[in-house]
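A.B. asks: Next up is a structure, given as structure tokens.
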Amino acid sequence: MKRVFTILAITGLLLFGAAPKAIAQEAAKTEQVADKPVEAKTFRQELKQRFIEGGPFFMGIVLVTLILGLAIAIERILYLNMATTNTKKLVGKVDEALASGGVEAAKELCRNTKGPVASIFYQGLDRMDEGIDNVEKAVVSYGGVQMGLLEKNISWLSLFIALAPMLGFMGTVIGMISAFDSIQVAGDISPAVVAGGIKVALLTTVFGLVVAIILQIFYNYIISKVDSIVNNMEDASISLIDLLIRQKK
């Protein structure tokens with residue numbers, strides 16, 4: 001996770017560091033091509049221009065929410081992918097280990113297998129001598145612990161999803177106030193002043209909504225992944241109890 005945060009933090013710093021330089025370059029280019037015909041811009045150029053026009057303060061804050069949100073999303077996706085195991089295959093291996101080497105062989109198998117399901121199996125097998133009831137309680141309790149680990153930091157991702165459009169709306173309101181201040185100073189409702197101020201104000205809202213949409217897609221994927229792993233955990237836990245009951249007989 002630290003590596004993901006470091007990479008995205010460096011990316012953010014590079015973007016922030018490039019922003020003032022980009023502003024100066026855009027100003028120079030505007031002066032140089034003032035007399036030249038307008039050429040079609042690429043998507044990257046258009047995005048950079050709109051970002052600069054939106055103002056560095058609120059656009060920068062929205063960008064920070066995107067970077068932090070993506071860092072959490074990528075870390076969760078990597079963790080969940082590593083936590084995904086073939087539960088049916090694992091149950092079959094545990095059954096074979098119980099038949100050939102007993103509980104200790106099954107525990108060794110679970111100890112050397114990654115994933116929350118193997119960890120739950122180990123906790124249950126470790127209490128085999130205490131009876132099936134205690135095994136079932138251990139499986140349920142440790143399953144709750146593993147579920148908490150799967151859902152770790154997801155609440156922060158939902159916070160950034162809500163925060164990004166709110167920051168965009170705040171930037172819009174402040175931009176509208178600035179536009180009306182310009183009208184008051186000018187003493188006249190100039191279309192150029194009004195249009196320029198409103199455009200800058202609305203850009204923050206657009207970028208805030210775009211960030212929220214991107215993070216929402218990641219959030220829904222992560223939630224569906226967690227639900228899938230939890231369902232597999234519950235199904236595998238039932239299979240383990242059945243195996244241990246047969247082993248007792």
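The values are calculated or read from the model by the stated rules, or taken from the named source; none is laboratory data. Bear in mind the structure is a predicted one, so any value in this text is a computation, not a measurement. We place every Cβ from the backbone using ideal geometry, glycine too, and count neighbours over all the protein chains shown. All accessible areas refer to the heavy atoms of the entire protein, side chains included, with ligands and DNA or RNA removed. Shrake-Rupley method; radii C 1.70, N 1.55, O 1.52, S 1.80 Å.
A.B. asks: Condition first: surrounded by fewer than 16 Cβ atoms within 10 Å (Cβ to Cβ), in contact with a helix residue (DSSP H, G or I) (Cβ under 7 Å, 6 or more places away or on another chain) and not in a helix (DSSP H, G or I). Now tell me which residues in region 85-121 satisfy that.
C.D. replies: Correct list: 114 only.
A.B. asks: Right, next: Please specify each residue of region 195-240 satisfying the condition of being surrounded by fewer than 16 Cβ atoms within 10 Å (Cβ to Cβ), hydrophobic (A, V, I, L, M, F, W, C) and either under 27 Å from residue 80 (Cα atoms) or under 24 Å from the mean Cα position of the chain (by Cα) (or both).
C.D. replies: Scanning region 195-240 gives 206, 209, 213, 217, 223, 238.
A.B. asks: Go through (1) more than 21 Å from residue 63 (Cβ to Cβ); (2) under 29 Å from the mean Cα position of the chain (by Cα) and name the single condition residue 176 misses.
C.D. replies: Of (1) more than 21 Å from residue 63 (Cβ to Cβ); (2) under 29 Å from the mean Cα position of the chain (by Cα), only one is false for residue 176: (2).
A.B. asks: Another question, then. I'm trying to understand the selection: among the residues of region 198-229, which are under 15 Å from residue 77 (Cα atoms) and aliphatic (A, V, I, L, M)?
C.D. replies: 214, 215, 217, 222, 223, 226, 229
A.B. asks: If you don't mind, another one. Among all residue pairs at least 6 apart or on different chains, which show Cβ distances below 8 Å where the first residue, located in region 132-159, is part of a helix (DSSP H, G or I) and the second is among the charged types (D, E, K, R) and open to solvent by 40 Å² or more (accessible area, probe 1.4 Å)?
C.D. replies: Listed by first residue and then by second, the contacts come to 132/248; 134/127; 135/127; 138/126; 138/127; 143/234.
A.B. asks: Still on this model: For residue 180, indicate whether it is in a helix (DSSP H, G or I) and modelled with pLDDT under 85.
C.D. replies: Details: in a helix (DSSP H, G or I): yes; modelled with pLDDT under 85: yes.
Yes.
A.B. asks: Residue under question is residue 166, and the condition is that it be touching a residue at least 40 places away in the same chain (Cβ under 8 Å) and open to solvent by 70 Å² or more (accessible area, probe 1.4 Å); does it hold?
C.D. replies: yes
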